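*Asks:* Here it is, the structure in full.
The values are calculated or read from the model by the stated rules, or taken from the named source; none is laboratory data. Nothing here was measured: the structure is a model prediction, and the numbers come from that model. Every residue, glycine among them, receives a Cβ derived from its backbone with ideal geometry; neighbour counts consider all protein chains shown.
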Amino acid sequence: MTNNIEKYDSEVEINEEYSVKEYDITASPNDFNIKTLFDFTESGALVIPGFQRNYVWDIKRASKLIESILLGLPIPQIFLYEESRNRFLVIDGQQRLMTIYYFIKQRFPRKEKRVELRRIFGEHGYIPDDVLEDDTYFRKFNLTLSEPEPGVVSRFNKLNYSTLGEHKLSFDMRTVRNVIVKQNLPEQDNSSVYEIFNRLNSGGVNLRPQEIRASLYHSGFYELLFRLNNNVKWREMNGSEEADLHMRDVEILLRSFAMLIDGENYKPSMVKFLNKFSKKGKAFNEEFLQKLENLFLSFIQACEGLPDRAFFGEQGRFATLFFESVFYAACLDSYKNNLADVKEITESKVKAVFSDQEFLSASREDTAGLKNVTIRLDRAKAIIGE
């Protein structure tokens, strides 16, 4: 095995041109106080849609936001999409809203539990008290503020919501500008929400390419990717109990399906290839999506005889180029011929791909080049299909 195989291109920009329909949209600015925003969140009126990333702020950044509110400093406005009466999708501002929610609850989420907490919040519309009180999910949210200047400590440092004292009421009454967006036309969809989200976030540095891609091309296909990404066997296969905060594991699944379905027509760059395939995925019907889901689950079953971490390189990292090539080779016949099952994948064949010199050479540099992508897929197909 070689270290180089563990690397793969994840280009940093989404530059593909795409057509956008014209919309009739109403945007209404409102100034809600902090307590109202908390009540909206607690009641389930605010919904964090599937294309949004997870909560990623650390306690220092979260504390800085709370301090700004306490000091009366303005914070960036929040964009909400009115999906229906008393139901608003959070387009932009999730990190701020959840920070406020967690601060008032006096609990700060542990990093390793945030994907699971996102699922729990999605199921209930809020975090149940028994979960909030569980120290495996949360720790105390005491403000952690750096010194504004040497030797000077912020008067709010180490305070929590219940110990704000005289500042508590002023905190509750501070207002935040919210822009509520409602799509009037076209009536048959709510696609403007994805356009707004993408345009608010694509210019920033905080969102990763796959996070932006998931919003721009949100569809039933992406819902399938999110669902498969939570599959227990897949999580064991990629060596992480929880989904990646920045959707890198979702990108691995996307690449694998893209190679299986359109790999023979691949043209660089990889980011454009994944963008185009994601756009194509918006047209996948339910029958086709079910076919893809069954195929993936059959592939997982076909891998049951493999040792743990069979798709890991010697540096202990999941080898994406290797996995997507094996997935392509193992599933291609079943995909093209509408077969229900994927043939068993043996350890000897997996090792043969991992040690094949042509495959390794095509995995060392220019990994997204047409020649090297073609070589990897062809070599994996020749070995797995023997």
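*Asks:* Kindly provide the set of residues from the stretch 321-345 that are more than 12 Å from K291 (Cα to Cα) and not hydrophobic (A, V, I, L, M, F, W, C), ordered by number. Talk me through it step by step, then tell me what you get.
*Replies:* We begin by selecting, within the stretch 321-345, every residue more than 12 Å from K291 (Cα to Cα); these are 321-330, 332-333, 342-345.
Scanning the stretch 321-345 gives E324, S325, Y328, D333, K343, E344.
*Asks:* Confirm whether T144 is touching a Ser or Thr at 6+ places or on another chain (Cβ under 8 Å) and in contact (Cβ under 8 Å) with a residue 12 or more places away in the chain. Write out each step before concluding.
*Replies:* Details: touching a Ser or Thr at 6+ places or on another chain (Cβ under 8 Å): yes; in contact (Cβ under 8 Å) with a residue 12 or more places away in the chain: yes.
In short, yes.
*Asks:* S355 versus (1) among the polar types (S, T, N, Q); (2) closer than 30 Å to E211 by Cβ; (3) in contact (Cβ under 8 Å) with a residue 40 or more places away in the chain: which is the lone unmet condition?
*Replies:* Failing condition for S355: (2).
*Asks:* Mind listing whichever residues of the stretch 218-247 are in a helix (DSSP H, G or I) and within 21 Å of L377 (Cα to Cα)?
*Replies:* First, pick out the residues of the stretch 218-247 that are in a helix (DSSP H, G or I): 220-229, 232-237.
Within the stretch 218-247, just M237 meets the criteria.
*Asks:* Is there any pair with a first residue in the stretch 126-141 that is assigned to a loop (DSSP other than H, G, I, E, B) and a second that is modelled with pLDDT under 95 and surrounded by fewer than 12 Cβ atoms within 10 Å (Cβ to Cβ) whose Cβ atoms are under 9 Å apart and which are 6 or more apart or on different chains, and what are they?
*Replies:* Y126/S43
*Asks:* Within the stretch 87-107, track down each residue that is surrounded by fewer than 17 Cβ atoms within 10 Å (Cβ to Cβ) and in contact with a helix residue (DSSP H, G or I) (Cβ under 8 Å, 6 or more places away or on another chain). Steps first, answer last, please.
*Replies:* If we filter the stretch 87-107 for residues that are surrounded by fewer than 17 Cβ atoms within 10 Å (Cβ to Cβ), which is where we start, we get 87, 106.
Selection gives Q106 alone.
*Asks:* Given the condition touching a residue at least 40 places away in the same chain (Cβ under 8 Å), over 30 Å from E166 (Cβ atoms) and in a loop (DSSP other than H, G, I, E, B), answer yes or no: does some residue in the stretch 62-74 qualify?
*Replies:* no
*Asks:* Moving on to the next point. Looking at N229, is it at pLDDT below 95 and either within 20 Å of P209 (Cα to Cα) or surrounded by 22 or more Cβ atoms within 10 Å (Cβ to Cβ) (or both)? Lay out the reasoning, then the answer.
*Replies:* On the way: at pLDDT below 95: yes; either within 20 Å of P209 (Cα to Cα) or surrounded by 22 or more Cβ atoms within 10 Å (Cβ to Cβ) (or both): yes.
When the stated conditions are applied, N229 passes them.
Here's the yes/no breakdown for (1) within 30 Å of Q95 (Cβ to Cβ); (2) among the hydrophobic types (A, V, I, L, M, F, W, C):
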position	(1), (2)
E241	yes, no
R255	yes, no
N265	no, no
M270	yes, yes
E286	no, no
L292	no, yes
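*Asks:* Given the condition more than 28 Å from T367 (Cα to Cα), of a type in the set (S, T, N, Q) and modelled with pLDDT of 90 or more, answer yes or no: does some residue in the stretch 264-285 qualify?
*Replies:* yes
*Asks:* Another question about this same structure. With the checklist (1) under 14 Å from L228 (Cβ atoms); (2) of a type outside the set (F, W, Y); (3) in contact with a strand residue (DSSP E or B) (Cβ under 9 Å, 6 or more places away or on another chain) in hand, flag the one item R309 doesn't pass.
*Replies:* (1)
*Asks:* What single numbered condition from (1) under 23 Å from N265 (Cα atoms); (2) within 28 Å of the chain's Cα centre (by Cα); (3) not hydrophobic (A, V, I, L, M, F, W, C) fails to hold for S334?
*Replies:* That leaves (2) as the condition not met.
*Asks:* Now for a different question. Considering D249, D262, which residue is among the acidic types (D, E) and either outside the structural domain of D333 (by TED's automatic domain parsing) or within 19 Å of the chain's Cα centre (by Cα) (or both)?
*Replies:* On the way: D262 fails: either outside the structural domain of D333 (by TED's automatic domain parsing) or within 19 Å of the chain's Cα centre (by Cα) (or both).
Answer to the check: D249.
*Asks:* Go through (1) out of contact with any Leu (no Cβ under 8 Å at 6 or more places or on another chain); (2) within 20 Å of A329 (Cβ to Cβ); (3) surrounded by fewer than 20 Cβ atoms within 10 Å (Cβ to Cβ) for Y266 and report which single condition fails.
*Replies:* (1)
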